Amino acid sequence: MGCFSHPQHFLLAGRKRKRSKTSNYLVSLDPTDLSRDGENFVGKVRSNVLGTKFTIFDNGVNPERKNFVPETARIREELGAVCYETNILGFRGPRKMTVIIPGIDAQNQRISVQPQNEQESLLSRLQRGANQGLVLLQNKAPSWSDKSGAYVLNFHGRVTRTSVKNFQIVHPDDREFLGTGLPGQGSRTRTTSPIST
């Protein structure tokens, strides 16, 4: 299990792209180089209009624009997607989060997902139930605590501050994969553990 709680350790930088129809964030390895053409550009995160579905892309070329770039340009890959759904209580209760990532092939390599159109995207595949080659993860559902009057989730001592941003991502057989939470003033803890046994 790894812990990335050191507040001064830089990991990635993101910037919301201007003039986008939806929320669209550029991701860079350098906090001072947030250019799409920069050598530190690693990808982007794009949301739908409602901000409930997010797709994570690498730094390849959008297939809709492949006619406007050199033939040697690589078509982008989808690295993952995140879907948020409100529960039956609406915004008063916890939201359900589903994370979709490409699976691993027989050679232990990530399966490449390079959709040429929207129907081949991770989100469309999930909606159609075409989940072969994909790993589906969900947030662990919190339980109601009469004592605190709120939904709670056991972080086994890793989190000390209550926040709606605290979550745990689990594999369907309930092995914890990723958790994030607020351990103290202004810092964030991220823990990971493998999903294979």
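Okay, here's what the table says:
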{"read-out": "Odd one out for Val49, checked against (1) assigned to a strand (DSSP E or B); (2) touching a Ser or Thr at 6+ places or on another chain (Cβ under 8 Å)", "value": "(1)"}
{"read-out": "Residue satisfying all of: in the range 8-59; open to solvent by 90 Å² or more (accessible area, probe 1.4 Å) and among the aliphatic types (A, V, I, L, M); modelled with the highest pLDDT among these", "value": "Leu29"}
{"read-out": "Answer from Arg158, Arg188, Arg125 - the residue that is among the charged types (D, E, K, R), at pLDDT 85 or above and surrounded by 16 or more Cβ atoms within 10 Å (Cβ to Cβ)", "value": "Arg125"}
{"read-out": "Residue in the range 163-176 that is at pLDDT 55 or above, open to solvent by 40 Å² or more (accessible area, probe 1.4 Å) and farther than 30 Å from Asn108 by Cα present", "value": "yes"}
{"read-out": "Test: residue in the range 44-64 that is over 29 Å from Ala150 (Cα atoms) and aromatic (Phe, Trp, Tyr)", "value": "yes"}
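The values are calculated or read from the model by the stated rules, or taken from the named source; none is laboratory data. Every value quoted in this text rests on a predicted model; they were computed, and no experiment measured them. All Cβ positions, glycine included, derive from the backbone under ideal geometry; neighbour counts span all protein chains shown. Protein only, heavy atoms only, side chains kept; ligands, DNA and RNA dropped before computing areas. Shrake-Rupley method; radii C 1.70, N 1.55, O 1.52, S 1.80 Å.
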